[in-house]
Every structure is written in C-alpha cells, then in structure tokens.
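Written below as structure tokens is the structure these notes are about.
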Amino acid sequence: MRDKGDKPPIDEDDLSAEEIRQLWRRRFVRRILTLGLPAVLILGIGIALAVPRIKDWRARQFAERSDALLAEGKLQEAFNNASSALQMRPQMAEAQRSYAAVLLAAGKPQSVEVLRQLVESGRGSADDRLQLLEAALRFGDIALAERESFALMQQGGQTGAALFALARVRIAQQRYDDAMQALRESIDAGGGPEPSILLAKLRFAQNTPESVAAATDLLRPLALRDDKTGLDALMALLASPALRTKEAAGWVESLRSHPMASTEQKLAAASAEIQIEPSSYAEVVRKTIDLHRSGSTEEKAQLARWLNQNREYRAVLDTIPADEATTRSDLFLIRLDAMAGLGDWKGITTLLRGENLPLQTPVIMLYRGRASRETGDAEAAVSFYRRAVIEAAPSPEVMWYVIDYLQRVGEDAVLEQELTRLTENPATARQAFQALVPIVQKRQDAETLFQLYDRMIKKLPAERAVQNDRRYFAALTGRSLDVAGAQELAAAEPQMLAYRITLSFILLKNGQNEAALRVFDGVTLDPAQIQPYQRAVLAAVLGANGRKNEAQQLARNVPGEAVTAKEFELIAPYRE
C-alpha cells in the first residue's frame, strides 16, 4: 500500500509533449545526482591518490634513466634527467642519489651537500653514507669524512670500508701511525685488497729494511692476480725501494704481460727495467719502440712522450712524422718538444709560421717566443710572450698553461708586467693576482707583498683568503693589528690553518703570547707538511711561550730563501 502522502503515479498519456520533456529532464537530473556525483567523488579521490604515485613513478624513471646515461658516459643528458627527478621529488632518495652521482662524475663539490642531506634525512643507506664519506675526502672536508667514518663503524656492516676511509682521513691529517693502525684493522675486518696496498705504500715510505720487507710481503700475493688489484700491486712494487730486490725482474715481466695493463703501465715496466739494469738501456728502448710504434695513434703518442722523457728525441721524430703531427695538438706538441730537445729552433720557427696548425694561438706565441729567445732575438721573444698572455686572458685553463710555461723558462719580468695589466680587468683580475703572488714572493720583501694584497683587496673585497693575507702582511709590516677580523675569520673556517696562523701572529705582535699559542689547541701539526712562513710563525710563538727547544727545532728547518726578510727576523734568535 502507498502512504497517504505519496503522490499518485503520473500517467504520461495525460501529459502534453512539453510536460513529458520536463518530466524526463527531472528524472535524468535525479539519476545524475543519485549515481553521477558519487562516481565523480570516487574518481576525484582516485586521481588524488594516483597523482603522487604517478609523480613517484616518473621521478624514479628519470633517476633510473640518469643512472643508465651516466654509465654510458653521457654526462649532460644524465644531469638533465637527474635534475628532473629531483625537481619532481626533491625528498626522494633515488632522485637525490642519482643527482649526487652526476655531480660527483662532474667533479662538483656540491655533491657533498646533496649526499649529506640524504644521509641526515634517514632515507640514506650505509652505501650512501660511504659515498658521502668518499666525497668528503675527495673535496677536502676532512672533518666531515672523519665524522662519517665513525658513524659508519657504529652503524655496522661496512666496518672494513669505514676503517679504510678513516685511514685516508688520518693520512690527510698527517697522522701516519694512526693511519697504519686503521689499515691493519681494515684488513682484519675483511676490507678487501685496497687497505693492504695502501698500507704497503706507507711502509715503503718508511724505507727501512724491515718496513720494505713487510710491505713486499703484503703485495707479493696480490701481484699474482690478473685483475686490477694485481695491476695496482705490481705498480706499487715497481715504484718502491723493493725494485732493488732480486724479485723485481719478475715483477717487470708480470706487469708487461698483465691482461689489464695499459700502454702507459707497460712503458712504466720498461722504465723499471732500465732502473734495475742500466746497462740494458739501449736494448730496452729498442724493444719498447718495436712493441708500440705500430699501435694506435694514442699508443704512439704515449710512446713518444716516454721517448722524450728519456731524451730519445730523434726516435720521437721517427715515431711522430711531421704530416701526422699536424692532425692533433698533442702530437704536434710532442714533436715540438723533441725538436726543442735537439736544439732545432730554426726548424721550430719555420714550422710555427705554417697555416692551420693544431694549436691555440697563445701556445703558438709561447713557442715562437722561445725560438726567438734561443736564436738571439730577445726583443721578438718579449713581443711574442706578451701576445701569448693577452691572447690567453679570456680562457683560465689556457692562461694557467701560459703562466706555468713562462715561469718555467724564467720570463718572470714579462709575465709580471702583463699580469699587472690584467689585474685592472674585472674578468681576469682574480687569476692575474693569483699568478702574481708567487712571482712577487721570490723577492722576499714583505712590503711589496703588502702592496700587492692591498691592491688585491680593492678588486676582490669578498675573498676571505685575500682578507687574511692582507691582514697578515699589514701586521708583519707594522701597519695594523686587526685582532677582531682575524678572530672572526678563524672562527668561520677553523679548518684553514692559514687563518689560524694569521690570528696567532697578530696576537703575538699584540703581546698576547699565551693566546697566540692557544690558537693551535686541538690542531695536529706536522712541521714537515706546513709552509715555511707558517713554520716561522709557529717557531716564534713557541719561543715567546718559553718552549725554546721546540722553537729552535722548527726555526732551523725554515729555508731562508722561502720566507721574507721580516719573517726570517722572527726566527733569527732561535737559529743560533
């Protein structure tokens, strides 16, 4: 039965066409509201749940693609994919891991921060922590590497690798005994062959009969292997004092016949053979030429470099003919070096006047300058050298090559003049100043160095190293004692020994002897590993605090030609 309130069913026969259309429209809307809205809500919820998963999936796809491209050596494409993954999911471990891997492959220190964030987020694995440790070591963050090595040991599962990394931290800190202890523990923990090879190298460096024997015992079984470990062990043996033993000839043959040995390593075997038996020099050179001169272009280039090192210049010219030398810049330079070794400067001049040479203009100018100098045309030499510096200025890499070359051939005067001009250009100022410092240092004059840094700070006011060095020379020349500035800089970067040295020296000059010594609290210093001027300051600080014997020991090991006259005055009382 129907309720009294129910409306009687509508008979469509009694309705007009318009009323029927309205009736069906109302029924359709009612069905949409009854069935459609829940469906839309369900669809919306599904999309809301699916979108993050789709983004996760896409981010993982980008990360996996980045890893594959990186394995193929396609660095830029790998970077693009890793960047997309990180942008899509910045907190995803896979995205961070892939991005860090690309940065590491590109040699970028930013990889340390990416890995640090991954590890500290709790999403990283033990392998990620190990990767962070390795990156910190690579880019010089020794404090972070030390902290992560201890964390890895506490985490467990990677004890051998963590101890091996800790050993390298200790080497960076010049704590060699501690490094060797960590390597022994790494070996005991199953750290693989790498700790044995590194421990052997440290024992070889001690160069006592006992240490050489112990190192040889470590490497002897590893040298029998046909893999990279065997190759590394053989190279370590042939670069060590063990080369004087009767076993050395066998190691030479093993390296030469090793299935993974490169041309460079086979040439190292030839060099070792000559060291073992100098009288066999001519025969070894002949065999080496016969073995490699019919190889690939790269193999012939390596052979020619080896021949140049052994002053076999005519053999170089036979190995790299003139027509072949013009096809590649490295081959051309190798041939030029051989011609220079033979003193054929006129031939070099003629060669460098040719067209379509495979060298950059600054390099051509350098060699033309050297040829002019050697043939007695000093004026032309200076002109070519100046052109080399000017042409190289836009390219930092080429500029350093030019600077290094001119310093090696003793053209400091020309170099200083041109670099001074380049300091006026904001685009080249930093590099020019950096190159000027070692040139000016040769004069051993603190006043001249202060003037240089005073000019430098005006061009590079934000550079902390420049701030520090100007502050140091201002104190050394008696101008000012900026204690507050030195303290601020040392506190900002406590790992920088140069900043501590400056602070300590300023405190010493300010009459605060004990405070000057406290600057080095908690710092392990190996006098043999620090710069001469730092040794001089440390000696003066020790002497001022009544530690005369230590001051004398340090002062007597400061070479007078490596410090300024004023720095030498600091330690003069302790050198008597």
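Bear in mind these aren't lab numbers, they're just calculated from the coordinates by the rules spelled out. Not measured: the values here are computed from a predicted model. Don't worry about glycine lacking a Cβ; one is built from the backbone with ideal geometry, like all the others, and counts go over all protein chains shown.
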Task: Under Karplus coefficients 6.51, -1.76 and 1.60, residue-wise ³J(HN,Hα) of segment 571-576 in Hz, glycine/proline x - done: 9, 3, x, 9, 9, 6
TODO: Using the number of other C-beta atoms within 10 angstrom as an exposure proxy, rank Trp57, Trp400, Trp306 with the fewest first.
DONE: Trp57, Trp400, Trp306
- [ ] Could you give the spread of the C-alpha atoms of segment 424-533 along their three principal axes, from largest to smallest, in whole angstroms?
- [x] 43, 29, 28
Open item on the list: Which trypsin sites (Lys or Arg not before Pro) in segment 341-409 sit in a loop by DSSP (not H, G, I, E or B) and have at most 12 other Cβ atoms within 10 Å of their own Cβ?
Closed with: Arg353
TODO: Starting with the highest mean, order 482-492, 289-299, 498-508 by the number of other Cβ atoms within 10 Å, averaged over the residues of each peptide.
DONE: 498-508, 482-492, 289-299
- [ ] Can you put Thr350, Thr564 in order of Cβ neighbours within 10 angstrom, beginning with the fewest?
- [x] Thr350, Thr564
Open item on the list: Using Cβ contacts closer than 10 Å as the measure, can you line up Val440, Val252 from fewest to most?
Closed with: Val440, Val252
Task: Cα gyration tensor of segment 192-277 - equivalent ellipsoid semi-axes, whole Å, descending - done: 19, 16, 10
Task: FRET efficiency estimate (nearest 0.05) - Cβ-Cβ, Asp318 to Glu424, R0 35 angstrom - done: 0.15
TODO: With the Cα gyration tensor of segment 313-373 in hand, convert its eigenvalues to equivalent ellipsoid semi-axes via √(5λ) and list them largest first in whole Å.
DONE: 16, 14, 9
Open item on the list: What translational diffusion coefficient, to the nearest whole µm²/s, does segment 471-558 have by Stokes-Einstein, given a Kirkwood radius computed over alpha-carbon pairs, a temperature of 25 °C and 0.890 mPa s viscosity?
Closed with: 190 µm²/s
- [ ] Using the Karplus curve 6.51 cos²θ - 1.76 cosθ + 1.60 with θ = phi - 60°, work out ³J(HN,Hα) for each residue of segment 181-196 in order, rounded to whole Hz, and write x for Gly and Pro.
- [x] 5, 5, 5, 4, 5, 5, 4, 5, 8, x, x, x, x, 4, x, 5
TODO: Could you tell me how many degrees, from 0 to 90 and to the nearest 10, lie between the Cα long axis of helix 93-105 and the main elongation axis, the longest principal axis, of the Cα atoms of the chain?
DONE: 30 degrees
Open item on the list: Over the Cα atoms of the chain, what radius of gyration and what Dmax do you get, in Å?
Closed with: 35.0, 131
Open item on the list: I'd like the distance separating the alpha-carbon centroids of segment 296-330 and segment 82-122, in whole Å.
Closed with: 43 Å
Open item on the list: Give me Rg/Rg_expected for segment 268-349, where Rg uses Cα atoms only and Rg_expected = 2.2 N^0.38 Å with N residues.
Closed with: 1.10
Task: Interatomic Cα distance distribution for segment 154-247, bins of 10 angstrom, percent - done: 18, 47, 30, 5, 0
- [ ] Determine the calculated [θ] at 222 nm for the chain from helices alone, applying -39500 (n - 2.57) to every DSSP H run no shorter than 4 residues and normalising by the residue count; nearest 500 deg cm²/dmol.
- [x] -22000 deg cm²/dmol
Task: Kirkwood estimate for segment 362-442, i.e. one over the average of 1/r between Cα atoms, Å - done: 12.3 Å
Task: Hz values of 3J(HN,Hα) by residue in segment 325-340 - Karplus curve (6.51, -1.76, 1.60), Gly and Pro given as x - done: 4, 6, 8, 9, 5, 5, 5, 5, 5, 4, 5, 4, 4, 5, 5, 5
